[in-house]
Amino acid sequence: MQEVYEWMLSYGWALWLVLFLGFAAIEALTLDLFFAMLSVGALAAMLSSLLGAPLFLQVVVFALVSVLMIALVRPLALKHLQHSSKDQLSNIDRLVGGPALTLEAVTGLAGTVKIGGETWSARSAAGDTLAAGTQVRVARIEGATAVVEASAGNTPDRPAGSGKTPEPGRRETT
């Protein structure tokens, strides 16, 4: 047991480095900024070890820096990340609410649309049929499927620009 303690005193920085890397790896999987704060605490303890601090002081440095990071930095970072603007949205969140073009008829079960130059499988949000060539709006993304709805001015089974909408109570004649 004495040998382990002496090794920890001599190579304590290596243990803190392993903790730092372990917490960083866990953070990469969870993305909740908790383990990143612990990782910074382990880094501070590693630096104190390299400066020759005794083991109890290294543990105090780790605990103090970790608690301060969790209490002060993490809430600010989370607030900044949660209040991002439309320009800062990434990946799928950026597509929701945007335009799409139906490449083939889109029903409540299947279809394809083009969103931003990419072809997506799609289905209609309301379950109606949207004809090929119709401008639609992306309501949401479910997995690899875009759930779309008719844009303003487009009704189901009517592509954009195919004529005016009939008045209520009247039938459209062709």
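The values are calculated or read from the model by the stated rules, or taken from the named source; none is laboratory data. All values derive from a computational prediction rather than experimental measurement. Here the Cβ positions follow ideal geometry from the backbone for every residue, glycine too, while neighbour counts run over all protein chains shown. Accessible surface is based on the protein model in full, side chains and every heavy atom, while ligands, DNA and RNA are left aside. Shrake-Rupley method; radii C 1.70, N 1.55, O 1.52, S 1.80 Å.
Brief remarks on what is shown
- One residue stands out in region 29-56 among those that are assigned to a helix (DSSP H, G or I) and open to solvent by 70 Å² or more (accessible area, probe 1.4 Å): the one that is nearest to Ala71 (Cα to Cα), namely Phe34.
- Near pairs, Cβ below 6 angstrom, 6+ apart or cross-chain, from region 47-58 (closer than 9 Å to Leu9 by Cα) to any residue that is open to solvent by 60 Å² or more (accessible area, probe 1.4 Å) and in a helix (DSSP H, G or I): Ser49/Trp13
- Test: Val67 is surrounded by 11 or more Cβ atoms within 10 Å (Cβ to Cβ), out of contact with any strand residue (DSSP E or B) (no Cβ under 7 Å at 6 or more places or on another chain) and assigned to a helix (DSSP H, G or I): yes
- Residue match in region 35-49 (condition: within 20 Å of Leu81 (Cβ to Cβ) and not hydrophobic (A, V, I, L, M, F, W, C)): yes
- Against the conditions (1) open to solvent by 40 Å² or more (accessible area, probe 1.4 Å); (2) free of Cβ contacts under 8 Å to residues at least 12 places away in the same chain, Ala14 satisfies every one except (1).
- Taken over region 115-145, the criterion of being open to solvent by less than 40 Å² (accessible area, probe 1.4 Å) and either under 11 Å from Pro99 (Cα atoms) or acidic (Asp, Glu) (or both) is satisfied by Ile115, Thr134, Val136, Val138, Ala139.
- Look at (1) open to solvent by 40 Å² or more (accessible area, probe 1.4 Å); (2) at pLDDT 80 or above; (3) under 11 Å from Val106 (Cα atoms) and you find that Asp157 fails only one, number (2).
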